[in-house]
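Engineer: Can you read through this structure? Questions will come right after.
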Amino acid sequence: MLIFFVRKCDKNIIADFAEKCVVDGCSFKLFSACYYLFDMKMKKFAFISVIGFLAVSAFAVQGAPVGASVDPTPEEQKALDALKGKLEGAIVWSTSRANSLHDIWIMNADGTNARALTKSNNVDWFPRVAPDGSKVLFNRSKGGWVPENDANYPEKWDLWTIGLDGTNETRLVENATWGTWRPDGKSIVFSRAGKVFTMDLASKKETLVLDGEKAFNKAGVILQEPNMSPDGKHLAITLRGSMRETGVWDLAKKSWTKSGDGCQIDWNFDGSKLYRVNPTGNGGTAAPSEILWFTAKDGKQVEKVGFFGIPKNVKLMDLPGRRSHEYFPRLSPDGKWLVWGATDKGHDHDLFDYELYIWKIGEPVETATRITYNSGNDRWPDIWFGKVPVSAASAVADVAKAAATATSAASATAAAIAGGVSEAKMDELIKAIDRLTEAVKALAPSK
Ligand SMILES: [Ca+2]
Ligand SMILES: [Ca+2]
């Protein structure tokens, strides 16, 4: 165990810990950072590692808190009611609400009908819906609890797919993380620590498209969450390990354009925008965070942030109030809606009580609608628009439910008639007929 720990405790990881300890104050992480700063000799390192390992063992988390339901406030309920029926499609995300190891869940794009898509003894997260809505690509730990901080160790993860109807769960790529779809749905992009690959789904052939250490001429560069531009010419990447910034890699010119600090940089549907998380803005009681978006021209970010502050036009979302530690931004396929997660305290992506929101871009930020209500962890949403496929098994269950409703409505109608037709009975009769009509509609085969 000690050997394992020493091997893992390289400078890059410790540097990551150093940043994290600012946020969550974990004493071990602070201690690791101090070790790094003082650059102690190997002997001392081994000794300190034992102490560090014991500290980690004592406080090791073996899963995320399983949450409990939370009631929406009257305002939140009003916003939910206003959204209901407005959008057809699905939102998928990773949650610990029913399983401390996180399952992928799915809800309708209007925030209704949340249900589990995966159920496993592995950590399932980073779901990305295929362009045709047939399936979801996601990260799965090889076994048991693996924290998101270990996303940079591809040997701990595989990429899996599952149908949006919950069928055909399949392992697609071994030892990989951060899988995303190409626009035609025929290939995917993913990373293995410092390298980015594409894979053709028909042939299963993998192609190395970027080697971080060679590209940046620096050891220990981690390429996190690589998102390829829709035209396939650029990679938006969050650099971690020995470098720490966001930006865009031009695959043909082999050049890097820095976006700034922050993380989770991604493209909109046509590559005309880049968006990402920035460590500024309101932050609840965690740390400042907001979502920025920029004009992208030939893969380059037009507006700059930094010494002169943040231009107003690049601010996309920074909620007023406490739940403003925004992460995991994702634009809808048509670029008109934004989904994200936010905490009102705490930062760890896989432990704290993030809740998901949806917002129509351009509307006042106050119209953002909270769509999850559970004290467990809710992270990494993706949104897709279209008709969500239904498995044969659940279609049969739906028909059975509709049939039961129709039977009960029909007997209520008969009972109302049998009891004579007073005014009250007439109301009852009309309601029963309405229910019967709805139930018969539901029984009709969908087109
Ligand atoms: Ca904020
Ligand atoms: Ca939550």
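Engineer: Listed residues Tyr327, Tyr354; which is surrounded by fewer than 22 Cβ atoms within 10 Å (Cβ to Cβ), in the same structural domain as Trp145 (by TED's automatic domain parsing), within 16 Å of ligand 1 (Cβ to nearest atom) and closer than 21 Å to Thr95 by Cβ?
Structural biologist: Within the list Tyr327, Tyr354, the selection yields Tyr327.
Engineer: Scan Gly52, Gly89, Gly67 and give me the residue that is modelled with pLDDT of 70 or more and outside the structural domain of Glu366 (by TED's automatic domain parsing).
Structural biologist: Criteria check complete, one pass: Gly67.
Engineer: Here is a further query. How about region 315-394: which strands (runs of 3 or more DSSP E) wholly inside it have at least 2 residues that are under 18 Å from the mean Cα position of the chain (by Cα), within 12 Å of ligand 2 (Cβ to nearest atom) and at pLDDT 95 or above?
Structural biologist: The strands (runs of 3 or more DSSP E) meeting that bar are 337-343, 355-360, 378-385.
Engineer: So, Leu292, is that one within 16 Å of ligand 1 (Cβ to nearest atom) and either under 20 Å from Lys360 (Cα atoms) or buried (at least 16 other Cβ atoms within 10 Å of the Cβ) (or both) or not?
Structural biologist: Yes: the conditions hold for Leu292.
Engineer: Does Val302 qualify as being assigned by TED's automatic domain parsing to the domain that holds His234, surrounded by fewer than 17 Cβ atoms within 10 Å (Cβ to Cβ) and of a type in the set (A, V, I, L, M)?
Structural biologist: Criteria met by Val302.
Engineer: What pairs can you find where one residue is in region 140-155 and more than 15 Å from Leu101 (Cβ to Cβ), the other is among the aliphatic types (A, V, I, L, M), and their Cβ atoms are less than 8 Å apart, with a gap of 6+ or different chains?
Structural biologist: Every condition considered, the pairs that remain are Asn152/Ile13; Asn152/Ala193; Asn152/Ile222; Tyr153/Ala193; Pro154/Ala176; Pro154/Ala193.
Engineer: Looking at this structure, is Val173 more than 24 Å from Phe352 (Cβ to Cβ), of a type outside the set (Phe, Trp, Tyr), in contact (Cβ under 8 Å) with a residue 24 or more places away in the chain and in a strand (DSSP E or B)?
Structural biologist: yes
Engineer: Based on what the data block shows, is Ala286 within 16 Å of ligand 2 (Cβ to nearest atom) and among the hydrophobic types (A, V, I, L, M, F, W, C)?
Structural biologist: Yes, satisfied.
Engineer: Next up: For the structure I just gave you, tell me whether Thr246 is in the same structural domain as Asn217 (by TED's automatic domain parsing), within 16 Å of ligand 1 (Cβ to nearest atom) and under 21 Å from Phe308 (Cα atoms).
Structural biologist: Judged against the criteria, Thr246 is not a match.
Engineer: Okay, moving on. May I ask you to list the residues in region 330-351 that are within 14 Å of ligand 1 (Cβ to nearest atom) and either surrounded by fewer than 20 Cβ atoms within 10 Å (Cβ to Cβ) or β-branched (Val, Ile, Thr) (or both)?
Structural biologist: Thr343, Asp344, Lys345, Gly346, His347
Engineer: Something else: Within region 297-336, how many residues are of a type outside the set (Asp, Glu), in contact with a Gly (Cβ under 6 Å, 6 or more places away or on another chain) and under 24 Å from Phe269 (Cβ atoms)?
Structural biologist: Selection size over region 297-336: 3.
The values are calculated or read from the model by the stated rules, or taken from the named source; none is laboratory data. Predicted, not measured: the structure shown is a model, and the values here were computed from it. Because the Cβ atoms are built from the backbone with ideal geometry, glycine has one as well, and the counts that use them run over all protein chains shown.
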